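Heads up: the structure comes next, in structure tokens.
The values are calculated or read from the model by the stated rules, or taken from the named source; none is laboratory data. Bear in mind the structure is a predicted one, so any value in this text is a computation, not a measurement. Every residue, glycine among them, receives a Cβ derived from its backbone with ideal geometry; neighbour counts consider all protein chains shown. Side chains included, ligands, DNA and RNA excluded: accessible areas come from the protein's heavy atoms. Shrake-Rupley method; radii C 1.70, N 1.55, O 1.52, S 1.80 Å.
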Amino acid sequence: MMPVAPLFAFGLLFVPVLTVDDPAPISCLSAEEVREAVADNKVIQPLQASRHARAAAPGEVLRIRLCRQGDDYVYVVTTLKRDGRVARVTLEGHSGKVEAIR
């Protein structure tokens, strides 16, 4: 924690600025809901999403989930890299475009 006294000594007021830039909460779909979304052409096939994720974060796919984030669909793919680290790749559900890698 920063000392408060030096800030006031220079006439500065420290006010933390909180910005809320969090995306909508994510809720994942059941296997039946995934099949329906794929059949209705709302999202790409899970295999295609897996390929996109492996291209972004090479490794073995451990888990793939289709989730809703607000009104949009996203794939959350967990991969195990060769060095033993785990990466979580978030893809747009309809296009397979990589949104984030963590």
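Highlighted here are the strands (runs of 3 or more DSSP E) found entirely within segment 32-102 that include at least 3 residues which are in contact with a helix residue (DSSP H, G or I) (Cβ under 7 Å, 6 or more places away or on another chain) and without any contact (Cβ under 8 Å) to a residue 40 or more places away in the chain: 60-69, 72-80. Has segment 67-81 got any residue that is open to solvent by 50 Å² or more (accessible area, probe 1.4 Å) and more than 16 Å from SER27 (Cβ to Cβ)? Scanning segment 67-81, I find at least one residue that is open to solvent by 50 Å² or more (accessible area, probe 1.4 Å) and more than 16 Å from SER27 (Cβ to Cβ), so the answer is yes.
Quick check, is VAL4 buried (at least 16 other Cβ atoms within 10 Å of the Cβ) and either among the β-branched types (Val, Ile, Thr) or at pLDDT below 95 (or both)?
no
Of all residues in segment 51-66 being hydrophobic (A, V, I, L, M, F, W, C) and open to solvent by less than 50 Å² (accessible area, probe 1.4 Å), which is nearest to GLU36 (Cα to Cα)? The residue in question is LEU66. Determine whether LEU47 is surrounded by 12 or more Cβ atoms within 10 Å (Cβ to Cβ) and either of a type in the set (Val, Ile, Thr) or modelled with pLDDT of 85 or more (or both). For LEU47, the condition - surrounded by 12 or more Cβ atoms within 10 Å (Cβ to Cβ) and either of a type in the set (Val, Ile, Thr) or modelled with pLDDT of 85 or more (or both) - is not met.
VAL86 meets all of the listed conditions (1) buried (at least 18 other Cβ atoms within 10 Å of the Cβ); (2) over 15 Å from GLU33 (Cβ atoms) but one, namely (1).
Per the conditions (1) surrounded by 12 or more Cβ atoms within 10 Å (Cβ to Cβ); (2) aliphatic (A, V, I, L, M); (3) under 18 Å from the mean Cα position of the chain (by Cα); (4) at pLDDT below 95, the sole criterion not satisfied by ALA24 is (1).
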